[in-house]
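Each value in this text was obtained by applying a stated rule to the coordinates, not by laboratory testing. Note that the structure is a prediction, hence the values are computed from the model and not measured. All Cβ positions, glycine included, derive from the backbone under ideal geometry; neighbour counts span all protein chains shown.
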Amino acid sequence: MPTNNTPYWDRTGTGINLNTIMNGRIQDHIRKIGPSMLVQVKAVHAGQASITGMVDVQPMVHQQDKQGKPHPRQIIHDVPYLRIQGGSSALIIDPKPGDIGFIVISGRDHTHAVTTRQPSPPASFRQFAMQDCVYVGGFLNNGPDQFIQATDQGWRIVTPGTVSIEAAKITANCDIETSGDVKAGSISLKQHTHGGVQAGGGKTSPPE
């Protein structure tokens, strides 16, 4: 029998067990597979609204040597991140530095597919490498300051800023209640006045 794989396949030695040998070989191969894991966003390279951007992420689970000493993993650069999108409709919420999310590892080198956004052959022979991943967020993050929440009573929109709606037309078939003012152009619903008021059955002029 060839001896180039000794002691893996040479069972003539003392204490050699085939099951132990096979388990060792399998474990060695499994260790080479890039695991999906929690990561933290270190930088965001946001694209325009027309295309999703990239993030740089730091794996949060260290490697360990045989003595149990931890070794931090290197930052993974230019990782595509998830956008909830169907056709030309999307919910755009770009990640922020400090966000915690998850990376999903591709089985083959997906560099060409990411670059061209077309079905492509692998860019190399590497398999299950951590640089061939996508980012999905977020997990374990703090509570947001602004959000859209679905409740049993309906939808709740909270923001410390301004809600801006750009549309060709807005149709609402509902009651609208507000403690603030409503303006149409420069006309205030609460502060507008009417001219040409006369006693009797006369009508007021339009608001101004």
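Normalised by the number of residues in the range 102-187, the mean separation of alpha-carbon contacts (under 8 Å, six or more apart) gives a relative contact order of 22 percent. The residue 71 and residue 51 beta-carbon pair, evaluated with R₀ = 45 Å, returns a calculated FRET efficiency of approximately 0.80.
Close amide H partners of residue 137, meaning residues 5 or more places away or on another chain with modelled amide H under 5 Å apart, are 82, 102. Figure legend: label point modelled 7 angstrom from the Cα of residue 139 along Cα→Cβ; residues of the range 62-87 with amide N under 15 Å from it are 62, 82.
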